[in-house]
Amino acid sequence: MDPQLREERPWGYFSVLMEDGQHKLKRIVVYPGKRLSLQRHRQRDEHWTIVSGEARMTVDGREFTLLRGQSVDIPRGSFHRVLNPGNADLVIVEIQTGETFDENDIERAEDDFGRA
């Protein structure tokens, strides 16, 4: 994927800022009131930092809120999702590390858009 190419999703969009053999860096935008699927990855770990907005996070059944400048580590195999409860876009920077960064490394348990 070309850097900066915007990939549309039902919950918002993401852009890959950089990718090499060791990591992938993404900018994720979640629209107000939308949430990603409850998902996990087998081949990668993720580190999410909130750039703007409020993130209502679920990681392995634990729910918590993150605000601008706060971050969370999501180990491979952990079920996770994020909800944007606010009225403005939620912006996240995601760093992936692991064996592969393929979008097919997603196992969905629940999804608001019928993809699980």
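Here, each number is a calculation from the coordinates, and none is a lab measurement. Values in this document were obtained by computation on a predicted structure and should not be read as measured data. Cβ: placed from backbone, ideal geometry, glycine included. Neighbour counts: every protein chain shown.
A few comments on the model shown:
- Amide N of the stretch 88-116 lying under 14 Å from the label point, which is placed 7 angstrom from the Cα of SER71 along Cα→Cβ: 92-97
- As a calculated quantity, the FRET efficiency between GLU110 and ARG6 at R0 = 25 Å, using C-beta atoms, amounts to about 0.50.
- Take every Cα pair under 8 Å whose residues are at least 6 apart in sequence, average their separation, divide by the length of the stretch 6-107, and the relative contact order is 36 percent.
- Treating each Cα of the stretch 6-107 as one equal point scatterer and applying the Debye formula with no solvent, the log10 of I(q)/I(0) at q = 0.17, 0.18, 0.24 Å⁻¹ comes out as -0.72, -0.81, -1.50.
- Within-13-Å neighbourhood charge of GLY61 [Cβ basis; K, R +1; D, E -1]: 0
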